[in-house]
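The values are calculated or read from the model by the stated rules, or taken from the named source; none is laboratory data. As the structure is a prediction and not an experimental result, all values here were calculated from the model. For neighbour counting, all protein chains shown are included, and Cβ atoms are generated from backbone atoms with ideal geometry for every residue, glycine included.
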């Protein structure tokens, strides 16, 4: 079901301790300039200044803030969102991944158009430079290269991965944070179980 922007309106009213009836009268004053004396009595001093016979700055700010909920933001062009050289940056990103298949059977590299779509989402939700993204990607690939890319995500899912619910996670954002916080990495040792002829099991490093 599609999320309604009206829900956010109710949340903002509750946060500001404004009832629905008070908000209606505030909007009527804002648009028409006058309401009945009975209606004015419902508005608190925080919302209406009786001496000046007008809405307070707090009330006006609340109305304007709620109005932004129903304004569709201007959709930025690709180069405005991701930079003028975003196509080259995306190609460099893809080139950071191995050309072979990963142990899970999927190719590490992904279609350029799909990568571009995921990066559009990434730049709409995070504020990292391409320089940080490249450093984060190199750290990620280097970590998994040490273990023959075991459990490594594809380039597409490294940017953005839906866990099967409504939750979307970005490993790229996590690694960008590591770069930002100067966190170094230590290659992890993964283990696999090897079954012997007599049914006993031992663990060997990959």
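Structure summary
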read-out: Whichever residue in region 51-84 is surrounded by 12 or more Cβ atoms within 10 Å (Cβ to Cβ) and part of a loop (DSSP other than H, G, I, E, B) and, among such residues, is modelled with the lowest pLDDT; value: 76
read-out: Test: residue in region 94-102 that is touching a helix residue (DSSP H, G or I) at 6+ places or on another chain (Cβ under 9 Å), part of a loop (DSSP other than H, G, I, E, B) and exposed (fewer than 14 other Cβ atoms within 10 Å of the Cβ); value: no
read-out: Filter result (exposed (fewer than 12 other Cβ atoms within 10 Å of the Cβ) and on the phi > 0 side of the Ramachandran plot) within region 149-171; value: 151, 164
read-out: Members of region 1-50 that are exposed (fewer than 12 other Cβ atoms within 10 Å of the Cβ) and in a loop (DSSP other than H, G, I, E, B); value: 1, 2, 3, 4, 17, 33, 34, 36, 45, 50
